[in-house]
Structures are given as structure tokens and as C-alpha cells.
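What follows is a single structure, and I will ask about it in a moment.
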Amino acid sequence: MGVLASTVRCMSLIFNVFLGFLSILVTGYGIILINNEHKARPVGPASLGGRFSAFGVVTFLVSFFGCCGSIKDNIKFLSCCCLYACFVVLAWEQFR
């Protein structure tokens, strides 16, 4: 494995670990919003806290797959992580 490949692998691992910690924070924030749901106004059929929690859990799973993919050089896990990142960017542009 060349220097560039190992550098990209290391950067992917660091990014996915950071994304995992961030998703845990988002899930925790969603749980706090669910606990304080009676103080907030409803957004729609699903509560905002539930949406934050679901997004955090899915993001954590994808970051876990990304970590496993970068450690084991598994292309399926890495492609799952890349597809999820593309989906998040497209959703961000749609709702912006």
C-alpha cells in the first residue's frame, strides 16, 4: 500500500470517528428534546426530538460502517458511508 492510500485510510478513519462522536451528541440532544417535548411547540406528526434521535442513530451506524471499512479496506462499507454522505448533502440542498 502506498503512502497516499494509507494517508486516505487514516483520514477516513479519523473522519468516521469524529462523525461517530458527533452523532452521539446529536442523539443525546434529540433525547433531551424528547424529554422536554411538553415545553416545545409541535413541528409535525413526528417530534423534532425524534427526528434528531433517528438522524443521530443512523449517522452513528454509517460512521461505524465507515470505520470498519477503512480498517478492513472493505469497499462495501466505504461505499455505504460515501452514499450516505451524498444523501445528506442532497437533502441539505433540498431543504435549505
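Derivation of every value follows stated rules applied to the coordinates shown; laboratory data play no part. Note that the structure is predicted; figures quoted are calculated from it, not measured. Please note: Cβ atoms are built from the backbone with ideal geometry, for glycine as well, and neighbour counts cover all protein chains shown.
Using Cβ counts within 10 Å as a stand-in for footprinting exposure, how do Val88, Val3, Val62 rank, fewest first?
In increasing order of surrounding Cβ atoms, one gets Val3, Val88, Val62.
On to the next question. Using alpha carbons only, how many degrees (0 to 90, rounded to 10) separate the axis of helix 75-95 from the longest principal axis of the chain?
40
For region 3-95, would you read off the P(r) tail past 16 Å as a percentage of all alpha carbon pairs?
Of all Cα-Cα pairs in region 3-95, 60 percent lie more than 16 Å apart.
Spelling out what I want: for every residue of region 69-74, take phi, set θ = phi - 60°, compute 6.51 cos²θ - 1.76 cosθ + 1.60 (Karplus), and round to whole Hz; glycine and proline get x.
Listing the rounded values in order: x, 6, 6, 8, 6, 8 Hz.
Rounded to the nearest 0.05, what FRET efficiency is calculated for Arg9 and Ile34 with R0 set to 41 Å and r the Cβ-Cβ distance?
0.65
With each pseudo-label sitting 7 Å past Cα toward Cβ, what's the Val89-Leu22 distance in nm, one decimal?
Going by the 7 Å Cα→Cβ label model, 1.3 nm.
Determine the relative contact order of region 3-95: mean sequence separation of Cα pairs under 8 Å and six or more apart, normalised by residue count, in whole percent.
31
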